[in-house]
């Protein structure tokens, strides 16, 4: 668009990764020393941040994002401004060029250590759809759902970066035609298209974070695929919730988009149908106009809209910490499956195929309900900006056979 500030880096303009974005990640390769580097993405390049910002190098020299995240919003803003100035000044080309690495020459690593991982259940459309499947004849939403963001503590040790293969899990399930449970590989391996939030500044134990302090503690957002075993899940989740069905793998995208880059994408969340208690009152709109796109073996099968999430990232963080739980730099929490109200907006295959009753025809002519070994799922995300759009990159994984 006219008036947009763009970078001199070839291919950045219109890519979704121009200077209005500048996501952060960690990469290896492209340099003889082989060490990992903190980078920002500009077009089809990863820029070694520590190498071009010597005054801030101590935050990046360890090759992990946590020191930078812990430094706080003033430092985040300063680094963003300095990078923008360099990437829009053609005279900076000789300084930056040796530290720009083509993405094809590097490997993205998990951007944060993920000390803790919490998964929420923030989409009313998804929660109601699964409620109808798992509790037929009952109200789709349980009585607490409109009063607080429901969530569970996930397994941080199995959060992996995009591109990591996913091993099919095994566990107990209870088929409807048997009197006793059986054990074996999951026959209903599914995806969950989600939005993740990465904590920057931590909090002390016993110190709740208010919704108003969301942007002071959360650095940015990423894409999540919380792989799920739908045949294991309904047998094990009563009364304490997901366990084996969710603990085997969660994929996150390699780039974290700063909240500062999402300013133009902020929208009001859906209308509240129940009064909120004061600690969850959302006086500032932290809904996000993010649209996901789900690709199943090359077939576009859905576009879940994050603006439909009933609970916002600020409210999720407030609920996570209200009882006194602390958070640390690099902690991760996610929205749960994002689904919309209409056709083509499901964020999971259990919804898309109505629990296997309505198979989907893929581009190769195969008809699928849940994931087969060898299947690849890639989730992309885009948000509008004042001058175009940002791409949140992708989160991708290929299914391997069970052990």
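Here Cα extents along the principal axes in Å was calculated from the structure, and among (i) 70, 44, 42; (ii) 72, 51, 40; (iii) 80, 71, 44 it sits at label (ii). Place a point 7 Å from Cα of residue 401 in the direction of its Cβ. Which residues in segment 153-176 have their backbone N less than 16 Å from it? Correct set: 166-170. Full extension of the chain segment joining residue 95 with residue 322 gains 77.1 nm, where the gain is 0.36 nm per residue of separation less the Cα-Cα distance. Between residue 88 and residue 180, the distance separating the two model label sites (each 7 Å from Cα on the Cα→Cβ line) works out to 7.0 nm. The spacing between segment 60-101 and segment 364-403, judged by their C-alpha centroids, is 29 Å. Just to confirm my numbers, what's the Cα centroid distance between segment 185-236 and segment 342-361 in Å? For segment 185-236 versus segment 342-361, the Cα centre distance is 22 Å. Each residue, residue 372 and residue 78, gets one label point 7 Å from its Cα in the Cβ direction; the gap between the two is 5.6 nm.
With n ≥ 4 as the cut-off for DSSP H runs, can you work out [θ] at 222 nm for the chain, using -39500 (n - 2.57) per run divided by the number of residues, rounded to the nearest 500?
Mean residue ellipticity at 222 nm (helix-derived): -4000 deg cm²/dmol.
Structural size metrics of segment 24-109, computed from C-alpha coordinates, are Rg and Dmax of 12.2, 34 Å. If you take the Cα centroid of segment 283-311 and the Cα centroid of segment 44-59, the two points sit 32 Å apart.
Values quoted throughout were computed directly from the atomic coordinates according to the rules given, and no laboratory measurement underlies them. Computed from a predicted structure; not experimentally measured. With ideal geometry, Cβ positions are generated from the backbone for all residues, glycine too; neighbour counts draw on all protein chains shown.
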